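Following: one structure in structure tokens, then a few remarks.
Readers should treat all values here as calculations from the given coordinates under stated rules, not as data from a laboratory. Values in this document were obtained by computation on a predicted structure and should not be read as measured data. Methodologically, a virtual Cβ is constructed for each residue, glycine included, from the backbone with ideal geometry; neighbour enumeration extends over all protein chains shown.
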Amino acid sequence: MRVQLFVLDVDGTLTDGRIVYFDFPPVQGAAQPQVGELLAFDVRDGLGLQAVKKSGVRVVFITGRGSAALERRARELDVRVLSKISDKRAALQGLQAEYGLTSAETAAMGDDLPDLGLAEASALFLAPATAVQAVLQRADYVTTHAAGRGAVREVCDLLAAARGVPGR
């Protein structure tokens, strides 16, 4: 198997799964304060994703949510994002059709029940150590690192090494 497409869930895979909300002071004339959202991304995961991309693998984030913070991180990494996706399997199959790829050329990583659809449409399914039990049982590989704490980098190093590109 030669991976050509690597898709990842975001919350609980690229991040530790926590979402922090905070209020901005009300803007003059606004009835209520605006609410912001904080997500934390591991810089090492980003470096790993860049190495995988350099090796020729397409990287796409597929998330059931979406946020300005994610959009910014994706822009920094030059990674495509599919947000507010309720059927991740169908979204992945759409990407495969668009890119002319098969499930045999696809690796996917996720941590929770909605991500099992990614497993159904990929040849290699990976999970962070902190994934829910059903995902851990289905995963072909479980990282030693936690989500948002190097789990994605661990996988990226393996994928890049398989393509002859050093990761770490």
**Message:** For a quick check: sort Thr13, Thr106 by the number of other beta carbons within 10 angstrom, fewest at the front.
**Reply:** Thr106, Thr13
**Request:** Starting from segment 59-135, pick out the trypsin sites (Lys or Arg not before Pro) whose DSSP state is loop and whose Cβ has at most 14 other Cβ atoms within 10 Å.
**Result:** Arg65, Lys84
**Request:** Specify the residue with the greatest mean-square fluctuation among Pro26, Pro114, Pro128, computed from a Gaussian network of the chain linking alpha-carbon atoms under 10 Å apart.
**Result:** Pro26
**Item:** In nm, spacing of pseudo-spin labels at Arg163 and Val132 (7 Å Cα→C-beta vector)
**Value:** 3.1
**Prompt:** Could you give the nm distance between label points at Val35 and Arg2, where each point is 7 Å from its Cα heading toward the beta carbon?
**Reply:** 4.8
**Complete:** GNM of the chain, Cα pairs under 10 angstrom: of Asp78, Asp112, Asp45, the biggest fluctuation goes to Asp78
**Message:** Given a 10 angstrom Cα cut-off, can you work out which residue in Ala104, Ala30, Ala146 is the most mobile in a GNM of the chain?
**Reply:** Ala30
**Prompt:** Using the Karplus equation 6.51 cos²θ - 1.76 cosθ + 1.60 (θ = phi - 60°), what ³J(HN,Hα) coupling, rounded to whole Hz, does each residue of segment 99-107 give in order, writing x for Gly and Pro?
**Reply:** 8, x, 10, 10, 4, 5, 9, 10, 10
**Message:** In whole Å, what are the extents of the chain along the principal axes defined by its C-alpha atoms, from largest to smallest?
**Reply:** 58, 33, 31
**Request:** Measure nothing but the geometry: give the 0 to 90° angle between the long axis through the Cα atoms of 43-54 and the longest principal axis through the Cα atoms of the chain, rounded to 10°.
**Result:** 50
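Given segment 117-168, what whole percent of its Cα pairs are spread farther than 19 Å?
For segment 117-168, the share of Cα pairs beyond 19 Å comes to 28 percent.
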**Request:** May I have the pair-distance distribution P(r) for segment 73-168, computed from all Cα-Cα distances with 5 Å bins from 0 and rounded to whole percent?
**Result:** 3, 13, 20, 24, 25, 13, 3, 0
